[in-house]
Every structure is written in structure tokens, then in C-alpha cells.
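For reference, the structure discussed in these notes is given below.
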Amino acid sequence: MIIVPIKEGENIERALKKFKRKFEKTGVVKELRERQAFTKYSVRRRDQIKKAIYIQKLQREQEEN
């Protein structure tokens, strides 16, 4: 359960923004979207490898600068 403490006099829009941020961090929506369609293990693994290669590339570029 997500709890967002609201200070006295705080704008409701700001509290809603905090709630949305916390909800996004839980990953519920992302998981629901992933479960809508089955993804083969080989495809998931391929995507993980692509992501790892991309991150390594970014880290190398960052080290060079």
C-alpha cells in the first residue's frame, strides 16, 4: 500500500504527483504490460544482452570524456 503524507496547507496536485512517482517506482504497470503477451525466453535474453551492450557502450564513452 502506498502512503503519501500530506503536510498541512500542501497543494493536492503536489501530493498527487508524489503518489504517481511512488506508484511508477513499484513497477506494477510495467509488469502488467509485460504479462499481456507471452515473450519467449530467447527473446527476453536477447533483449537483456542488447541492453547490457548499450549500457557498456555508454559507460565506455563516459570514461573517455
Sorted from largest down, give the three principal axis spans of the alpha carbons of the chain, whole angstrom values. 49, 41, 15
So for the chain, taking the charge dipole from beta-carbon charges (+1 Lys/Arg, -1 Asp/Glu), which of Ile53, Ile6, Asn65 sits furthest toward the positive end? Ile53
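Rounded to the nearest 20 debye, what is the charge dipole size of the chain about its Cα centre when +1 sits on each Lys and Arg Cβ and -1 on each Asp and Glu Cβ? Walk me through the intermediate numbers first.
Working: 19 positive and 10 negative charges, 75 e Å.
Magnitude of the dipole: close to 360 debye.
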Placing each pseudo-label 7 Å from Cα in the direction of the beta carbon, Ile53 and Glu24 end up separated by a distance in nanometres of 2.9
Virtual spin-label span in nm between Asn11 and Gln36, 7 Å along Cα→Cβ: 3.2
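Every read-out reported here was derived from the displayed coordinates using simple, explicitly stated rules and does not represent laboratory data. Because the structure is predicted, anything quoted here is derived from the model rather than measured. Positions of Cβ are generated from backbone atoms using ideal geometry, with glycine treated the same way; all protein chains shown enter the neighbour counts.
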